[in-house]
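The next block holds one structure in the form of structure tokens; read it before the comments.
Just so you know, all these numbers are worked out from the coordinates, no wet-lab data involved. Because the structure is a prediction, the values reported are computed rather than measured. Heads up, the Cβs are rebuilt from the backbone with ideal geometry, glycines too, and the neighbour counts pull from every protein chain shown.
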Amino acid sequence: AYTFAAVISACASVKMWQLAINLLRRMDKLGVKKDVVCYNAAVGVCARAGRYKEATELIDEMIRERFRPNVVTYSAAISACEKGKNLKRARELMRRMGRAGVAPNVYTFASLISVCEKAGDWDAARQTLRSMKDWNLAPNAYCFNACIAACEKCGRSREAVELLEEMKAAGVPPDVYSYSSAIGALAKSGNVAWSKMLFDEMNARGVVPNMFTYSQLIIGYDKAGRWQEAIEVLGILRSNRMVPNVVAYGAAINACKNGKQWEKARELFDDMNTLGVKPNQHVFSTLLRASSELRDSAMVTTLLKQMKTAKVEANLITYNACLAAFARSMDLQGALDTLDKIRASGMKPDKVTYSACITVAEKCARWDVALRLMHEMSCDGIRPDTIFFNACISACEKSRQWRKAIEILEDIKREGLQPD
RNA sequence: CCUCAAUAAAAUGUCAAUC
């Protein structure tokens, strides 16, 4: 049974909760006596997989087989409710635990508060924290941190900072989780000055900031429109011999985007590449936007190639971002190629796609292409609006196709739209 | 500490779109 519990528990790292349950069954067949710890291990695996249903079923089974689920069992089952953000279920388990005469411990509460956090209920989180004293339990860092995280998620920076102070008063030293969450809460509420104060405070107290902490700070500067300082944080990170990850870079690049610093965004992206930090779909999208702003359609092509080699999948949004770039640089061929790629990869072009394509055609005075696109669009079941027709008329105008222009005007009326 | 349970992070598309 000792060995089995260890093996069952190991199923968690390979995310195989079914295997964990199967192993329990195998024990019966092999005549090995099961015990509570084996069950707990299996419940723990289900918990990490977010399978609260299976976790609860295991508890039922335990009772049928005359095992007594203990506080570990229930705590694990409660944390299984996190992924599904199922606070109701977690509370049910809490009641069930009480009926079984099992007293909760700090693990139980930390799990329950964490469920509140996932469910986006900061008030429930705080009340749960408060209710610990009814059980003569003193919250530990896990409990406080989960509660601060709940406040952060709900944008309650005031409460997050209060909890941080409460921790100190209770003799629970805030750790890197506590500080990162509180810094994040302040950052998102636009109070980066306070975020920075907490950042300095943690350093003074010997709490070492990690990537989460730095990212939060970057986000704070982003929200405050201070992109220069956002970039500087990356420098601090590096001077501490850390390599910023994709989140830290992504946040800084985003700060550049919001500050319309397209050239800076490109520089950061290059840095990322030289450091071997893999950009993700979001970073690529932002860079595509940058290339659009910089009117650099060569950059678009390069980015697409890089995505391919890096095996980052392009979705319709990515392609539409490319189209926007081609539209700006009046690269009709690039746009039409992108449209082909979209179709070739089995995606359905949407209104945005066609809008961008028709815009390029219009800018290039290609009334024929514009009209063809209009036709293809209606074949795809997308109803053009006045803007589309206007773009087409404009395309005709640029190429002096007066008769065509008038025909389109008639089409507008046929579609039941008002020419403006 | 080790047979079982608990905590945190950013960001994406046409619209400075037609006249």
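Each principal axis of the Cα atoms in the stretch A:63-139 has its own extent, and those three values, largest first, are 38, 29, 16 angstrom.
Counting every Cα pair in the stretch A:306-420, what percent are over 26 Å apart? Percentage above 26 Å: 20.
Hydrodynamic radius of the stretch A:1-87 by the Kirkwood approach over all distinct alpha-carbon pairs: 12.5 Å.
How large is the direction-averaged shadow of the alpha-carbon convex hull of the stretch A:98-198, in nm²?
Computed as one quarter of the Cα hull surface, the answer is 6.1 nm².
Ignoring the sites themselves, chain A has its longest run without GluC sites (Glu not before Pro) in a DSSP loop having at most 16 other Cβ atoms within 10 Å at A:66-312.
Between the exposed loop cleavage positions of chain A, defined as trypsin sites (Lys or Arg not before Pro) in a non-H, G, I, E, B DSSP state with at most 14 neighbouring beta-carbon atoms within 10 angstrom, the longest gap is A:67-204.
Kirkwood hydrodynamic radius computed over chain A comes to 25.7 Å, based on all pairs of distinct alpha carbons. Where the alpha-carbon atoms of the stretch A:1-156 are placed on the principal axes, they occupy 53, 32, 24 Å, in descending order.
Taken over the stretch A:182-303, the ratio of Cα radius of gyration to 2.2 N^0.38 Å equals 1.07.
Taking the empirical scaling 2.2 N^0.38 Å for compact globular proteins as reference, the stretch A:219-258 has a Cα radius of gyration ratio of 1.05.
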